[in-house]
Amino acid sequence: MEFSYRVSEQDLREAQNAISGQDWRENRGKVIVWAAIVTVLLLLWVAVHQWSNNQHLMENRSLTAVQTFRQDTEQRSFLEDGKSFVFGHGPLFPLSGLAFAGWLVWVVGEGKRKARTDFLKSPIAQGEFHIHLAREGLQVTNTAGASSSMAWNVYDHWIESPNVVVLILRSQQQFLISIRAASEQQRGELRTLLNQVLPKR
C-alpha cells in the first residue's frame with residue numbers, strides 16, 4: 001500500500017505523547033526504584049546528622065545535677081526524640097520528592113522542546129512524505145529531495161495514537177507516519193500490514 005501525508009506540529013506532539021507514555025510504562029519501575037533510593041539516602045543522612053548532634057551534646061555535658069537530670073530525661077524520651085525527628089525533618093521528604101519530579105518534568109520537556117525546534121528547522125519535516133509499504137520493507141520519498149528504503153528488520157516495533165503511527169527503529173530513532181488524513185480503509189490496511197511485520201506496543 002502507499003499514500004502521502006504531511007506532518008503537523010499537532011502530529012509531532014501526539015507522537016511525543018505516545019512515545020512518552022510507552023517510555024513511562026517501560027521505565028516506571030526504574031523511576032520508582034530510584035525515588036526509593038533517594039528517599040532512603042535522605043533518611044540515612046538525617047538520621048546520621050541527628051545522631052551526630054546528640055553525641056556532641058552528650059560529650060560536652062558536665063555532670064552537674066541539673067544536667068544529669070536532663071540527660072536521664074533525654075534518654076527516657078527517646079520515642080519523643082523520634083517524633084521530633086519526623087516532624088522536624090519530615091518536610092524534607094515531600095520537598096525532595098517534588099524536586100525529583102520537577103527534574104523529570106524538566107528533562108522530558110527539554111527533549112520535547114528540542115524535537116519541536118528541530119522539526120521547525122528541518123526542510124524534510126516540512127515537506128510532503130510519500131510512503132510505500134510492502135512485506136519486504138518501507139520506501140519513503142520526500143518533496144525536499146530525501147528518500148530511503150529499509151527492510152523491516154531495522155525496525156523494532158510500532159506504536160499508535162488516534163492520528164499518528166510511530167515506527168521505532170532498533171537504533172531508537174523514530175519515523176512518524178501521520179494518518180490524520182488517511183481513510184479508514186487506509187488505516188486498516190496499514191495496521192494489518194504492520195501487525196504482520198512488527199510487534200505493536
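Here, each number is a calculation from the coordinates, and none is a lab measurement. If you're wondering where the values come from, they're calculated on a predicted model, not measured in any experiment. Neighbour counts are summed over all protein chains in view; Cβ atoms, including those assigned to glycine, are modelled from backbone coordinates with ideal geometry.
Sorting Glu14, Glu189, Glu184 on the 10 Å Cβ count, fewest up front, what's the list? Display every interim value, and only then the final one.
Numbers: Glu14 19, Glu189 15, Glu184 8.
The most exposed by this proxy come first: Glu184, Glu189, Glu14.
If each residue's Cβ is checked for other Cβ atoms within 10 Å, how do Met1, Met150 rank with the fewest at the top?
Met1, Met150
In a shell of Cβ-Cβ distance under 10 Å around Leu133, excluding Leu133 itself, what net charge do Lys and Arg (+1) and Asp and Glu (-1) give? Let's see the in-between values first.
Details: positive: Arg135; negative: Glu2, Glu136, Glu189.
Computed value for this residue: -2.
Among Ile177, Ile131, Ile37, what is the fewest-to-most ranking by other Cβ atoms within 10 Å?
Ile37, Ile131, Ile177
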